[in-house]
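J.: Sharing a structure below in C-alpha cells format, with a few things to ask.
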Amino acid sequence: MLLREEEYSHAIAILDGREEKGPLFTELEQWFEETYGLRVYDYFCERTNAGRPRLRLLLWDRDCVGKMKKGANPDERKQRRTAEKFAALCVRHNMHPTYQRPGDFLVTCDTLRDEIQKRALQRCAGEIRSIEAPDIWRVEILFDRVHVFFETDEQKNRHQDDGVCGSIRRKLDAIAERHDPFGAFAEGVQCVFTSRQTLDEKYDGNMFYYTR
C-alpha cells in the first residue's frame, strides 16, 4: 500500500525529530520492539474500503513486515496480540474510541524504507538517467528500483561479467547516498539489468506491459 503524502510527511517528521511522539505512540513503540524486535515508525487509524476500522503500523521494510506473517499470510496470533495491546493503550490514554476493543478493528503493516527510496530516486532522476556506460539504451526509475536497459541480451550478459554493471551500481549508490539522510540505501540501490531486446521480444516494446 502506498503512503499518502500526509502519512509520509508525518512519518518523516517523527523520524527526523521535528514531530514529537505522543505517550501512546511511545508506549506502543517500546512494547512492539520488546515483543517482536521491530521498530514502529508511525501508525495510522483509518478504515478499509468496506468501512471497517484498521490500524496500520509503519515498519521499516518488507523483511520486517514478513516477520509479522506466517508464511504468505498475516500471523493471526500476532495480529490479535497487537490489537489487544493497542486497544489497552487507547483505553489508558483515552484516545481513538473506535479502537478500544481489540475485536473491532484490523491490524495491518506497511513499509517506510521503499517510500524513502522511491522519493529519493525521483529527486535525483536526472543524474541517474544521465549515467554513462557502454551500450546503455535507457535508464528507468520504476518505484524503488532502477532498471538499466542495454541494447541487447548479449551486451547485458557480457557487462554483468566484465564489470560494467558493477561500475553502474557504484555510480548509482554514490548518487543515492547524497540524497539519503535516513540510511534507506545502506545496502545500495536496487538495480535490474535488462535489455531493449527483452523489452521488444517479451513485452512488445511496451514499458507499461514491462511494469505489470
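J.: Which is touching a His at 6+ places or on another chain (Cβ under 9 Å) and not β-branched (V, I, T), of L121, L112?
T.: That would be L121, the only listed residue that is touching a His at 6+ places or on another chain (Cβ under 9 Å) and not β-branched (V, I, T).
J.: Within the range 108-115, identify whether any single residue is within 26 Å of F208 (Cβ to Cβ) and among the polar types (S, T, N, Q), and answer yes or no.
T.: Yes, because at least one residue in the range 108-115 is within 26 Å of F208 (Cβ to Cβ) and among the polar types (S, T, N, Q).
J.: Kindly indicate which of T48, T35, T26 is open to solvent by 10 Å² or more (accessible area, probe 1.4 Å), among the polar types (S, T, N, Q) and within 15 Å of Y99 (Cβ to Cβ).
T.: After applying the criteria, what remains is T48.
J.: Look at the range 137-181 and say how many of its residues are in a helix (DSSP H, G or I), hydrophobic (A, V, I, L, M, F, W, C) and either out of contact with any Phe, Trp or Tyr (no Cβ under 7 Å at 6 or more places or on another chain) or exposed (fewer than 14 other Cβ atoms within 10 Å of the Cβ) (or both). Give the derivation first.
T.: To start, the set of residues in the range 137-181 that are in a helix (DSSP H, G or I) comprises 153-162, 164-177.
Still in the running and hydrophobic (A, V, I, L, M, F, W, C): 164-165, 168, 172, 174-176.
Subsequent filtering for residues that are either out of contact with any Phe, Trp or Tyr (no Cβ under 7 Å at 6 or more places or on another chain) or exposed (fewer than 14 other Cβ atoms within 10 Å of the Cβ) (or both) retains 164, 168, 172, 174-175.
Residues flagged as in a helix (DSSP H, G or I), hydrophobic (A, V, I, L, M, F, W, C) and either out of contact with any Phe, Trp or Tyr (no Cβ under 7 Å at 6 or more places or on another chain) or exposed (fewer than 14 other Cβ atoms within 10 Å of the Cβ) (or both) within the range 137-181 amount to 5.
J.: Could you list all residues from the range 13-59 that are in a helix (DSSP H, G or I), without any contact (Cβ under 8 Å) to a residue 40 or more places away in the chain and over 20 Å from F105 (Cα atoms)?
T.: Listed by number, the residues that qualify are A13, I14, T26, Q30, E33, E34.
J.: Between a first residue in the range 104-132 that is over 30 Å from C90 (Cβ atoms) and a second residue that is modelled with pLDDT of 95 or more and open to solvent by 30 Å² or more (accessible area, probe 1.4 Å), which pairs have beta carbons less than 7 Å apart while being 6 or more apart in sequence or on different chains?
T.: If the second residue must be modelled with pLDDT of 95 or more and open to solvent by 30 Å² or more (accessible area, probe 1.4 Å), the pairs left are I131/K171.
J.: If you check T98 against the conditions, is it among the hydroxyl-bearing types (S, T, Y), open to solvent by 30 Å² or more (accessible area, probe 1.4 Å) and not in a helix (DSSP H, G or I)?
T.: no
J.: From (1) closer than 21 Å to K156 by Cβ; (2) loosely packed, with under 15 Cβ neighbours inside 10 Å; (3) under 19 Å from the mean Cα position of the chain (by Cα), pick out the condition that doesn't hold for E201.
T.: The single condition E201 does not satisfy is (3).
J.: Looking at G103 and the list (1) over 22 Å from Y41 (Cβ atoms); (2) open to solvent by less than 30 Å² (accessible area, probe 1.4 Å); (3) part of a helix (DSSP H, G or I), which single condition is not satisfied?
T.: (2)
J.: Can we say E187 is open to solvent by 60 Å² or more (accessible area, probe 1.4 Å) and either part of a loop (DSSP other than H, G, I, E, B) or at pLDDT below 95 (or both)? I'd like the intermediate steps shown before the answer.
T.: Working: open to solvent by 60 Å² or more (accessible area, probe 1.4 Å): yes; either part of a loop (DSSP other than H, G, I, E, B) or at pLDDT below 95 (or both): yes.
Yes.
Residue-by-condition table, conditions (1) in a helix (DSSP H, G or I); (2) open to solvent by 60 Å² or more (accessible area, probe 1.4 Å):
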residue	(1), (2)
R77	yes, yes
A83	yes, no
F86	yes, no
V91	yes, yes
T108	no, no
Q117	yes, no
A120	yes, no
I128	yes, no
I131	no, no
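The values are calculated or read from the model by the stated rules, or taken from the named source; none is laboratory data. All of these numbers come straight from a predicted model, not from anything done at the bench. Because the Cβ atoms are built from the backbone with ideal geometry, glycine has one as well, and the counts that use them run over all protein chains shown. These accessible areas exclude ligands, DNA and RNA; they are computed on the full protein's heavy atoms, side chains included. Shrake-Rupley method; radii C 1.70, N 1.55, O 1.52, S 1.80 Å.
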